[in-house]
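FYI, it's all coordinate maths here, none of it is from the lab. Computed from a prediction, not measured in an experiment: that's the story for all the values here. Cβ placement follows ideal geometry from the backbone for every residue including glycine, while neighbour counts extend to all protein chains displayed.
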Protein chains: 2
Amino acid sequence: MAVKKRGQTFVYSNPPHIVAHASIVGPEESRGPYGEYFDLHCSDTKCGKDSWEKGEEQMAADAVNLSMDKASVSAADVDFLLGGDLLNQIITSDFVARDQDIPFLGLYSACATLVEGLLLGAGLMDGGFADCVVAFASSHYQTAERQYRTPLEYGVQYPPYKQFTVTAAGSYVLGWTGGGVWITHGTLGKVMDLGVSDPNDLGSAMAPAAAELILQHFSDLKRGIVDYDLILTGDLGKSGIKMLTVLLEEKGILLSDKLMDCGAEIFGGEKKYGAGGSGVGASAAFVGSVIIPRLISGELERVLLVGTGALLSTITVKQSETIPGISHGVVIEKLPGG
Amino acid sequence: MAVKKRGQTFVYSNPPHIVAHASIVGPEESRGPYGEYFDLHCSDTKCGKDSWEKGEEQMAADAVNLSMDKASVSAADVDFLLGGDLLNQIITSDFVARDQDIPFLGLYSACATLVEGLLLGAGLMDGGFADCVVAFASSHYQTAERQYRTPLEYGVQYPPYKQFTVTAAGSYVLGWTGGGVWITHGTLGKVMDLGVSDPNDLGSAMAPAAAELILQHFSDLKRGIVDYDLILTGDLGKSGIKMLTVLLEEKGILLSDKLMDCGAEIFGGEKKYGAGGSGVGASAAFVGSVIIPRLISGELERVLLVGTGALLSTITVKQSETIPGISHGVVIEKLPGG
């Protein structure tokens, strides 16, 4: 039997394809440098609904439905959904699943949730338990801000290293044929805490977990940076990727121009967004709409997608807890001969 | 190759054993009719810490550590942890994982979270991705009450169908040898919403999902109630199991004396606990400490454990959303010849 785990890394013997994906973004993300890449655009942050929370739910539902349409699968074809988001009790994802006649597995690892869904879905497919799964995730600036920080109406001033939650959702249909790319490996990360306590500085809270995940992945597979065209993090922001670069340089790994961060990219260089975007919706929308086309076109051949999550709640911040980070990774590759 | 899925049910071709388990409960649960069954008892609800949240974290950590001790495994032996709880951002589980040098997969399906962990862990083991995993979950009356409802200091009066969150944690080590019982099947449930909107009546919100899960499980495996010694729900409470009984009778299934609910049992008949206990800690502690010994002794041979979760947040209640339920199931059986 093929070896299916090396250290913390799943090695899929039958790597599932990403058959189709769909993204939807809010108005500010639509105006950003990648705006035209995304499938769907909301012209208002409530997406035509009467609350931001209902708007986020609508966006996630639209992403799931469009990804299934693109893959030409119906609810009866999908073995289960894997979903999560940043709201308390992952209620966006719960409610998206309510409207689908498909079993649902709820996940939470903050902004690493999409990657957790992809690596679990691929593992259960490779294990023989499914032939088609849908992994999705979302985040929303207004719903996250009022839940985690202060109501927007207060007009609080933020430090320049603050990231801004991206209003976006993405959905991925995994199956056995088509799509042009597949998921070949998944690396599971540990929760790491280096003592960051500022809830506006999540990039610094997550960077150590991301560095550890990349080192572990390389070690497990006896690979190095030379074996990848891109290390794509989601979402460390501009200050987080600086710290990641330093942490890896200390271990002799020079990412040079092979590092990209979904959050740092999505709004471009505009100063009003501080250190850039955050939120699991950023990677959920960006990977499918920006990176997978580059794999299909042959511009990239092998990408390590590193989801990065900061583990905090409003209560832990008030109780003066530090903020640990977690990171999970998947390798997305162009199909051989594809 | 063996068929590993039938409908919504995983059929494990190499069923993992529950090698060891550990439970810890709070003071009121310790005084209940099953108090002596549990491994560890906290004499105060803060478990010696300076907040209820830190107390819940300590309880969950104690359960994880004791289960690993009982199984004689160290962190290096465990491929990953699967955990979740009821607090926002599953922060209890995140923080438990922070103190373990083991990869972590965060899960959320309310009070079905333990079962989600068991069925995913068993699936990934059977799929070749792990040889040892730990699934854990916790809940806590004081932390849940002040998060979901009102601060206890308000002294709100509750209706008699209200359930009381159980202060407890449980942890399960899955491996390939020993332990006396194994997990042979896992059935994934869909999110169901029949329009319940009272956040004190979660039993009614969850019962339809539980009924659907049981019917689906029987249909997938061409089995009936005659094939099980016990259907164990966690946690519908006393009003929820009445509704479940009616819903299944309508489909011609008479559970008669084969139905037990962890929440309805854990506090006994005492009126002050309304419809009984709820919270994922109830099933997490009860299954290992009360039911698995009955399987090992031969009193029971095959149990269908049905985790039941109510999907709500404080925001959805305020926004007048209804409360959907979700249910996942696993079959726990006495080892053949064991």
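The table that follows gives values for the structure above.
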quantity	calculated
Between the stretch A:244-289 and the stretch B:175-203, the Cα center-to-center distance that results, in Å	38
Distance from the stretch A:40-80 to the stretch B:69-118 (C-alpha centre basis), Å	30
Protection proxy ranking, peptides A:49-59, A:121-131, B:157-167, average beta carbon neighbours within 10 Å, highest first	A:121-131, A:49-59, B:157-167
Nearest beta-carbon to the B/A symmetry axis - residue in chain B, distance in Å	B:G127, 1
Förster radius 41 Å - calculated FRET efficiency between B:L254 and B:D198 (Cβ-Cβ, nearest 0.05)	0.90
Per-pair calculated FRET efficiency, R0 = 35 Å: A:T150 and B:K49 via Cβ, rounded to 0.05	0.80
Beta bridges by DSSP in the protein assembly as shown, antiparallel share as percent, to the nearest 5	65
Separation of the B:D99 and B:W176 label points, Cα + 7 Å toward Cβ, nm	3.2
Rounded, prolate or oblate (a/c below 1.5 giving rounded, otherwise prolate when a/b exceeds b/c) for the stretch B:5-175 by Cα gyration tensor	prolate
Fraction of antiparallel bridges per DSSP, the stretch A:5-175 only, in percent to nearest 5	60
B:V246, A:V331 arranged by Cβ crowding within 10 Å, fewest neighbours leading	B:V246, A:V331
Charge sum, other residues only, whose C-beta stays under 14 Å from B:M206's C-beta, Lys/Arg counted +1 and Asp/Glu -1	-2
Coordinate range along principal axes, alpha carbons of chain B, Å, largest first	57, 48, 35
For the stretch B:88-93, 3J(HN,Hα) per residue [Karplus equation, 6.51 cos²θ - 1.76 cosθ + 1.60, θ = phi - 60°, Hz, x = Gly/Pro]	3, 6, 5, 6, 4, 5
Karplus 3J(HN,Hα) series, Hz, for the stretch B:110-122 with 6.51 cos²θ - 1.76 cosθ + 1.60 (x for Gly, Pro)	6, 7, 9, 5, 4, 5, 4, x, 5, 6, 6, x, 5
Per-pair calculated FRET efficiency, R0 = 30 Å: A:Q319 and B:N65 via Cβ, rounded to 0.05	0.85
Phi-based couplings in Hz for the stretch A:6-13 (Karplus 6.51, -1.76, 1.60; Gly and Pro marked x)	10, x, 9, 10, 7, 10, 6, 7
Copy-to-copy label separations for B:K271, where each label sits 7 Å from Cα toward Cβ, in nm and ascending	6.9
Label point 7 Å beyond Cα along the C-beta direction, distances from A:E250 to other copies (nm, shortest first)	6.1
Net lengthening on full extension, B:D77/B:R31 (0.36 nm per residue, minus Cα-Cα)	13.0 nm
For B:L259, distant residues with modelled amide H under 5 Å away	B:I231
Bridge type composition, chain B - antiparallel percent by DSSP, nearest 5	65
Sum of -39500 (n - 2.57) over DSSP H runs of 4+, divided by residues of chain B (222 nm, nearest 500)	-9500 deg cm²/dmol
Entries of A:K238/A:K258; A:K49/B:K318; B:K238/B:K272; B:K5/B:K251 with Cα pairs more than 19 Å apart	B:K5/B:K251
At 7 Å out from Cα toward Cβ: B:S320 inter-copy label distances (nm, ascending)	4.4
Residue-count net charge about B:G121 - beta-carbon cut-off 12 Å; Lys, Arg +1, Asp, Glu -1	-4
Average other protein chain Cβ within 10 Å of Cβ, residues B:304-314	3
